[in-house]
Amino acid sequence: MKQKVRRSSLVVLGKFVAILGLLLLFYYTFLYNPSSDRSCVLSPSVDIKWSNSSKAVDNYPTNISHIKFVLVGSLKTWKTRRAYTEAWWRPNETRGNVFMDSPPSEEFLPWPETCPPFQLNEDATKLPVYPKLANPIEARIFRSVLDSFRLGDNDGVRWFVMADDDTLFFVDNLVEVLAKYDHTKHYYVGMYSEAVISNFLFSFDMAYGGAGYALSYPLVEELAPLMDDCLERYPFMHTSDHLSSSCLSDLGVALTLERGIHQIDLVGDISGFLSSHAQSPLVTLHHFDTINPIFPNKNRTESIQHLMEAAKIDQSRLLQQTICYHRPTNWSFSVSWGYSAHIYENIIPRSVLRKPLETFAPWNRKARPPMYMFNTRWPSNDPCEAPHIFFMDSIKKMEDNVVLSTYNRTMLRNLQPCSSSGNHSADSISKIQVFLHATKRKEAGRIECCDVKYVAGMDVANVELRACINGEVIA
């Protein structure tokens with residue numbers, strides 16, 4: 001009897017297991033479709049994204065370590081230009097090389113740590129196209145970014161920045177500008193020349209290497225193996241910048257403009273240009289050997305070192321123009337922070353004062369108007385239009401995050417007072433003190449405002465920079 005019961009129970013259990021198995025098979029075959037396991041299923045609904053770089057994308061902001069400088073120089077000019085590079089290069093912080101046409105001679109050895117590491121360019125004369133090149137020297141310059149890429153040491157590099165050995169960089173501003181762009185995409189960031197004739201002769205869509213330009217890493221990765229083919233395609237071109245622009249255009253990459261990058265295709269006194277800088281971070285300056293020293297009573301090297309004193313304190317405000325008024329005397333004050341200050345004996349709107357005084361000339365003296373890629377004002381002997389000019393003498397940090405910059409008069413204006421605004425002469429003023437209460441960098445593209453504090457008869461005028469009030473009219 002007991003055996004019959006056991007047999008009956010086993011039969012029932014077997015039927016139950018069989019039915020359960022069928023139910024589970026049906027469920028997993030037709031009903032079970034978890035979203036978390038989609039990677040195992042090839043179906044049209046699966047989203048597949050391909051990276052445009054072999055390296056993982058870093059999501060944290062661009063910093064100085066992500067920029068690799070590719071500076072191009074010549075041993076013949078290095079002696080006079082070395083000081084320009086040393087003024088901004090930061091040992092153990094900035095990375096990159098200065099590429100030369102020949103090994104350093106004994107006078108440059110040992111190679112100083114205050115300069116970018118020396119690197120000899122690859123010999124371009126061995127290229128089959130070399131004898132056909134219209135300007136063979138430019139092949140070395142053009143291929144410098146390829147030489148830099150082939151050196152390796154590209155871990156973490158997001159941008160290759162090309163420039164000459166006489167290009168002055170403002171590195172903090174460069175970092176801020178490049179941080180705006182997605183470094184995982186193809187970007188060619190630079191600026192055309194200030195001179196219309198230069199852009200007409202070469203291209204209005206070309207970045208100038210003397211001013212400096214930046215190429216994103218993925219773009220260099222794609223461009224590098226094609227550069228020699230590009231030389232074969234354009235052997236008639238005379239400049240490396242034109243070659244680069246044409247090659248990038250053939251890849252479908254257009255120039256992205258940044259107004260703080262300056263070729264300085266100007267000659268003479270560029271103080272008018274620097275005193276009305278565009279409301280963009282100052283990134284580079286170039287061609288110091290073809291312009292007058294930018295500060296009076298200083299040579300070119302001393303002038304650059306003096307400007308860098310302000311740059312070390314606050315690059316975001318360097319050369320940024322701030323305009324305000326002293327209504328009791330009908331004076332207009334224009335401050336180019338860290339460089340110069342002007343007083344006009346008349347109330348002049350910002351729309352006028354933001355145009356540079358044409359104290360300079362185009363590099364091509366035979367050029368005909370229009371000569372510049374921006375509007376200018378003619379210097380005038382009208383006492384209501386001519387400024388009293390002051391240049392930065394000193395700058396220092398004080399307590400409570402206050403920065404004091406002092407601007408001294410270098411010469412008298414030698415004009416009568418402006419009669420139409422009340423005959424209030426500013427001749428007695430010998431110094432302008434500018435107070436900046438800053439705890440953070442100036443926002444790019446936004447102007448700041450100021451207030452003037454002046455007691456009649458004193459030889460010092462004080463200007464306090466501040467944020468503008470909503471709707472404040474500067475006129």
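Select from region 369-405 the residues that are charged (D, E, K, R) and either open to solvent by 60 Å² or more (accessible area, probe 1.4 Å) or without any contact (Cβ under 8 Å) to a residue 12 or more places away in the chain (or both) and list them in ascending order.
The first filter runs over region 369-405 and keeps only residues charged (D, E, K, R), leaving 377, 382, 385, 393, 396-397, 399-400.
Across region 369-405, the qualifying residues are 382, 385, 393, 396, 397, 399, 400.
Among the residues of region 148-170, write down those that are buried (at least 20 other Cβ atoms within 10 Å of the Cβ) and part of a helix (DSSP H, G or I). Quick ask: steps written out before the conclusion?
First, pick out the residues of region 148-170 that are buried (at least 20 other Cβ atoms within 10 Å of the Cβ): 148-149, 157-170.
The answer is 148, 149.
List every residue pair whose Cβ atoms lie under 8 Å apart, where the two residues are 6 or more positions apart in sequence or sit on different chains, the first residue falls within region 97-110 and is touching a residue at least 60 places away in the same chain (Cβ under 8 Å), and the second residue, located anywhere, is of a type in the set (D, E, K, R).
Cβ pairs passing all conditions: 98/165.
Looking only at residues in region 295-306 that are of a type outside the set (Ser, Thr, Tyr) and either free of Cβ contacts under 8 Å to residues at least 60 places away in the same chain or not in a helix (DSSP H, G or I) (or both), which one is surrounded by the most Cβ atoms within 10 Å (Cβ to Cβ)?
Step one: list which residues in region 295-306 are of a type outside the set (Ser, Thr, Tyr), which gives 295-300, 302, 304-306.
Remaining after also requiring either free of Cβ contacts under 8 Å to residues at least 60 places away in the same chain or not in a helix (DSSP H, G or I) (or both): 295-300, 302.
On the way: 295: 21, 296: 14, 297: 9, 298: 15, 299: 10, 300: 18, 302: 13.
Here the answer is 295.
Mind listing just one residue for me: the one in region 307-328 that is surrounded by fewer than 21 Cβ atoms within 10 Å (Cβ to Cβ) and of a type outside the set (A, V, I, L, M) and, of those, nearest to the chain's Cα centre (by Cα)? Break it down into steps so the answer makes sense when it comes.
Taking region 307-328 as the starting set, the residues that turn out to be surrounded by fewer than 21 Cβ atoms within 10 Å (Cβ to Cβ) are 308-310, 312-313, 316, 325-328.
Next cut, of a type outside the set (A, V, I, L, M) only: 309, 312, 316, 325-328.
Details: 309: 19, 312: 16, 316: 11, 325: 31, 326: 34, 327: 37, 328: 40 Å.
Residue satisfying both the conditions and the ranking: 316.
With respect to residue 114, is the statement that it is hydroxyl-bearing (Ser, Thr, Tyr) and either within 18 Å of residue 147 (Cα to Cα) or touching a residue at least 60 places away in the same chain (Cβ under 8 Å) (or both) true? Outline the logic, then answer.
Working: hydroxyl-bearing (Ser, Thr, Tyr): yes; either within 18 Å of residue 147 (Cα to Cα) or touching a residue at least 60 places away in the same chain (Cβ under 8 Å) (or both): no.
Taking the combined requirement at face value, the residue does not satisfy it.
Go over the candidates 177, 161, 157, 189 one by one and state the one that is over 30 Å from residue 365 (Cβ atoms), in contact (Cβ under 8 Å) with a residue 40 or more places away in the chain and in contact with a helix residue (DSSP H, G or I) (Cβ under 6 Å, 6 or more places away or on another chain).
Matching residue, one of 177, 161, 157, 189: 157.
One residue is enough: does region 75-91 have a residue meeting the conditions open to solvent by 70 Å² or more (accessible area, probe 1.4 Å), over 30 Å from residue 310 (Cβ atoms) and either in contact (Cβ under 8 Å) with a residue 24 or more places away in the chain or out of contact with any His (no Cβ under 9 Å at 6 or more places or on another chain) (or both)? Steps first, answer last, please.
Keep residues of region 75-91 that are open to solvent by 70 Å² or more (accessible area, probe 1.4 Å), which gives 76, 79-80, 82.
From what's left, over 30 Å from residue 310 (Cβ atoms): 76.
From the residues that got through so far, the ones that are either in contact (Cβ under 8 Å) with a residue 24 or more places away in the chain or out of contact with any His (no Cβ under 9 Å at 6 or more places or on another chain) (or both) too are 76.
Yes, region 75-91 has at least one match.
Hey, can you tell me all the residues within region 426-473 that are open to solvent by less than 40 Å² (accessible area, probe 1.4 Å) and either within 25 Å of residue 258 (Cα to Cα) or within 25 Å of the chain's Cα centre (by Cα) (or both)?
Passing the criteria: 436, 438, 442, 448, 449, 465.
Give 163, 214 a once-over and let me know the one that is touching a Phe, Trp or Tyr at 6+ places or on another chain (Cβ under 6 Å) and closer than 18 Å to residue 255 by Cα. Walk me through how you get there before you give the answer.
Working: 163 fails: touching a Phe, Trp or Tyr at 6+ places or on another chain (Cβ under 6 Å).
Answer to the selection: 214.
Report those strands (runs of 3 or more DSSP E) wholly inside region 182-293 carrying at least 1 residues which are open to solvent by 30 Å² or more (accessible area, probe 1.4 Å) and either polar (S, T, N, Q) or at positive phi (or both).
Numbers: elements: 188-190, 213-216, 255-257, 266-268.
Filter on region 182-293 gives 255-257.
Check off (1) open to solvent by 10 Å² or more (accessible area, probe 1.4 Å); (2) more than 26 Å from residue 171 (Cβ to Cβ) for residue 333 and give me the number that stays unchecked.
Only one criterion is unmet by residue 333, namely (1).
The values are calculated or read from the model by the stated rules, or taken from the named source; none is laboratory data. Nothing here was measured: the structure is a model prediction, and the numbers come from that model. Heads up, the Cβs are rebuilt from the backbone with ideal geometry, glycines too, and the neighbour counts pull from every protein chain shown. These accessible areas exclude ligands, DNA and RNA; they are computed on the full protein's heavy atoms, side chains included. Shrake-Rupley method; radii C 1.70, N 1.55, O 1.52, S 1.80 Å.
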